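Below: the structure, in structure tokens.
The values are calculated or read from the model by the stated rules, or taken from the named source; none is laboratory data. Keep in mind it's a predicted model, so treat the numbers as computed, not measured. Here the Cβ positions follow ideal geometry from the backbone for every residue, glycine too, while neighbour counts run over all protein chains shown.
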Amino acid sequence: MEQTLTVNYEGVPAYNIMLEPDFSKLSEAVVNLDMKNRKMMIITDSNVGTYYCDAVRTSLSRIAKVVECITIPSGEGSKNLDSVSLCYEHLIKSGFDRNDLLIALGGGVVGDLTGFVAATYLRGIRFIQVPTSLLAMVDSSIGGKTGVDFKAYKNMVGAFHQPKLVYMNLSTLLSLPEPEYYSGMGEIIKHGLIKDKAYYEWLKEKTKEIEARSFEALREMVYRSCVIKKEVVERDPKEQGERALLNFGHTIGHSVEKLKELSLLHGQCVCIGMAAASFLSYQRGLLTDQEYQDILNTMQLFHQPVSVDGLSAEDIYEVTKSDKKMDSDQIRFILLNKVGQAFIDPTVQKSEMLCAIQSILNEV
Ligand code: GLY
């Protein structure tokens, strides 16, 4: 299996995704971007930085003029304009100019934040993604969506800004805590459900290897998910159409995430949202009862929740209305035509939504 994928942007090769077992090829890959003797700023978080900042700094020091590091507290709570402001201050004080480079070392929060700083500092400088979580590898590091949360609104402020490289050291997955690891499985199951039934079946077959984090299983899984993500963002980089399919499970998932005040991980909320969207697809006669149950079982196989406590259907519905996936007043809901094929449906009515939400609420 190949180790490198090239992502095209507007028909032109734009950046590589490298799947590697360590950081040994990182400096060479950065030199190949015509990035020698530049200032480099690693932006990371307090967890990931402890593990990997030294290794990345050492590797880049061989080729950079200077390598500095900004560490933000780990967690979604750091994905805000205060962190953006902190990064600007640091970059200004250290005299970073438009030819210098930012390195996002971490999970989705660090990647989205660093990308947004890169998109806006001096009207845009270059950045690379070095994702260390499963979710960031298969989803957020690819496709150039950057941004931060604003108050309680997820990803409400942002920009499209493509990275120059996505460098994955797959070994970082071995130190990922179990909840984060399995949360990444939410997006991976999503890829199978919306685009590739054979991949969805493969995930079920490989449960043991995926649980054991066998290197070959990880490599194949990350690779197959990256291919799906890459092909979608190449065809629709700015989410004018097909890219919205990647939001399967996210409309209700984001509401649950917000109402639970981030006590559940993103991937867990996506699974709860996918359970509701699959129920709606089943109600419409697009999935059989067996297929619907199989989707729930598969998410549970990977330790993901498919229901939630302590929320009301009306509250969840109201929050979906403030979501970015609205088109005027109508939600563009993602449903499954069948396993492996999703579509955008702008006709979902409030009563159907409430019914789907009811299906994911635990009885109290
Ligand atoms: N995470 C969904 C997207 O990149 O469009």
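Before moving on, here are some points about what is shown:
- Within the stretch 243-254, residues that are closer than 17 Å to K230 by Cα have Cβ atoms under 8 Å from residues that are β-branched (V, I, T) and within 10 Å of the ligand (Cβ to nearest atom) in these pairs: R243/V232; R243/V233; L245/V232; L246/V232, counting only partners at least 6 apart in sequence or on another chain.
- Listed conditions (1) closer than 16 Å to F248 by Cα; (2) free of Cβ contacts under 8 Å to residues at least 12 places away in the same chain are all met by D323, apart from (2).
- Residue list for the stretch 231-242, filter: under 14 Å from E10 (Cβ atoms) and among the charged types (D, E, K, R): E234, R235, D236, K238
- Enumeration of residues in the stretch 257-294 that are of a type in the set (S, T, Y) and surrounded by 24 or more Cβ atoms within 10 Å (Cβ to Cβ): S278, S281
- Highlighted here are the helices (runs of 4 or more DSSP H) found entirely within the stretch 252-323 that include at least 3 residues which are of a type in the set (S, T, Y): 266-283.
- Residue within the stretch 136-153 that is charged (D, E, K, R) and surrounded by fewer than 22 Cβ atoms within 10 Å (Cβ to Cβ) present: yes
- Qualifying positions in the stretch 146-169 - within 11 Å of the ligand (Cβ to nearest atom) and either in contact (Cβ under 8 Å) with a residue 60 or more places away in the chain or under 18 Å from G186 (Cα atoms) (or both): N155, F160
- Count - residues of the stretch 205-256 that are over 30 Å from L311 (Cα atoms), near the ligand (Cβ under 10 Å from one of its atoms) and crowded, with 21+ Cβ neighbours inside 10 Å: 3
- Checked against (1) part of a loop (DSSP other than H, G, I, E, B); (2) more than 23 Å from G107 (Cβ to Cβ); (3) polar (S, T, N, Q); (4) touching a residue at least 60 places away in the same chain (Cβ under 8 Å), Q240 passes all but condition (4).
- Pairing each residue of the stretch 56-73 that is farther than 19 Å from E28 by Cα and aliphatic (A, V, I, L, M) with any residue that is surrounded by 18 or more Cβ atoms within 10 Å (Cβ to Cβ) and modelled with pLDDT of 95 or more, provided the two are 6+ apart or on different chains, yields C-beta distances under 7 Å for I70/M41; I70/I43; I70/C87; I72/D45; I72/S78; I72/S83.
- Residue in the stretch 105-117 that is farther than 18 Å from I72 by Cα, within 15 Å of the ligand (Cβ to nearest atom) and either of a type in the set (F, W, Y) or at pLDDT 95 or above (or both) present: no
- Any hit, the stretch 163-179, residues being surrounded by fewer than 22 Cβ atoms within 10 Å (Cβ to Cβ) and either farther than 30 Å from L101 by Cβ or within 14 Å of the chain's Cα centre (by Cα) (or both): yes
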